1. Looking at the square roots a ≥ b ≥ c of the eigenvalues of the Cα gyration tensor of segment 165-275, which shape do they give, rounded for a/c under 1.5, prolate if a/b is larger than b/c, or oblate?
2. If you take the square roots of the eigenvalues of the alpha-carbon gyration tensor of segment 1-40 and sort them as a ≥ b ≥ c, do you get rounded (a/c under 1.5), prolate (a/b over b/c) or oblate?
3. Is the chain best put as rounded, prolate or oblate by its Cα gyration tensor, with a ≥ b ≥ c the root eigenvalues, rounded for a/c under 1.5, and otherwise prolate when a/b is larger than b/c, oblate when not?
4. Looking only at the chain, where both bridge partners belong to it, what percent of the DSSP beta bridges are antiparallel (to the nearest 5)?
5. If packing is taken as the average number of other Cβ atoms within 10 Å across a peptide's residues, how do 208-216, 131-139 rank, most packed first?
6. Estimate the FRET efficiency between residue 102 and residue 251 by the formula 1/(1 + (r/R0)^6), using the beta-carbon distance for r and 41 Å for R0, to the nearest 0.05.
7. What ranking, highest mean first, results for peptides 65-78, 189-202, 261-274 when packing means the other Cβ atoms within 10 Å averaged over each residue?
8. State, to one decimal in nm, how far the label point of residue 260 lies from the label point of residue 208, with both points 7 Å from Cα in the Cβ direction.
Ligand SMILES: C[S@@+](CC[C@H](N)C(=O)[O-])C[C@H]1O[C@@H](n2cnc3c(N)ncnc32)[C@H](O)[C@@H]1O
């Protein structure tokens, strides 16, 4: 089942599902705020819930409603995937976000014109030696990156009222209210952390006994900007072991992978968020 309050998005999802020949899927053009207070029983509860690019793109009241929806939607032991913009990777972008959004709010011109004007202002401030560029080197890189990105994407990212990057500990604290506890990352390369870091930094992380602090310090070390976190519903009872998820975990545990070439010829370079 999929939820989005924009009917266009639901129409698109239905067309994709139909093209894929899926008939065990349905979509609702519901609003998280309304669903939070009136969750239809017929939706049922799910073993897997995914939120990609939603959590850090909605306002605080909508996010609170979304957390309530998660409490309704999760079966005992359910796994919940939440992908969101993380800190501190966006700190250098915050002045650009703030000024661009303020220009949007105080202008009656189209967003694309406002974006162009904002970039011009930042270029002029950089050329004039504005102090903030000195303490936030990432700001100059952000303005340069924005020039190469699609205006639609940038407008959605920076002029959107609800856009807000989070520290991992903040998301974990909010999801705790839905009975969800942090399990780990779904970004495969980041499962190698902190092992893949220089020893001194690795030790800093391993010294932390509080999980949320460990995550935030690790994100500071790698300058994290996008997290894919997995949470698990704590109401774990006997029925969870007989669930679809339990069967999927058994199947995964029995899966074997075989290298089809010799290890010598199998060099693989992977770009990760940390190396
Ligand atoms: C940044 S988009 C991400 C879309 C998609 N998951 C992706 O990654 O490309 C955020 C989505 O949340 C939906 N959304 C925002 N507020 C909502 C609400 N109150 N109820 C339901 N959906 C909402 C928007 O319509 C939009 O499709």
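Where a number appears in this text, it was derived from the coordinates with a stated rule and is not lab data. In this text, all values refer to a predicted model and were calculated from it rather than measured experimentally. Cβ atoms come from the backbone with ideal geometry, glycine included; neighbour counts cover every protein chain shown.
1. Because a/c hits 1.5 or more and a/b fails to exceed b/c, segment 165-275 counts as oblate.
2. oblate
3. oblate
4. Numbers: 12 of 21 bridges.
Roughly 55 percent of the DSSP beta bridges within the chain come out antiparallel.
5. Details: 208-216: 15.6, 131-139: 13.7.
In decreasing order of mean packing, 208-216, 131-139 become 208-216, 131-139.
6. Numbers: r = 52 Å, r/R0 = 1.26.
My answer for the efficiency is 0.20.
7. 65-78, 189-202, 261-274
8. Distance between the two pseudo-spin positions: 4.0 nm.
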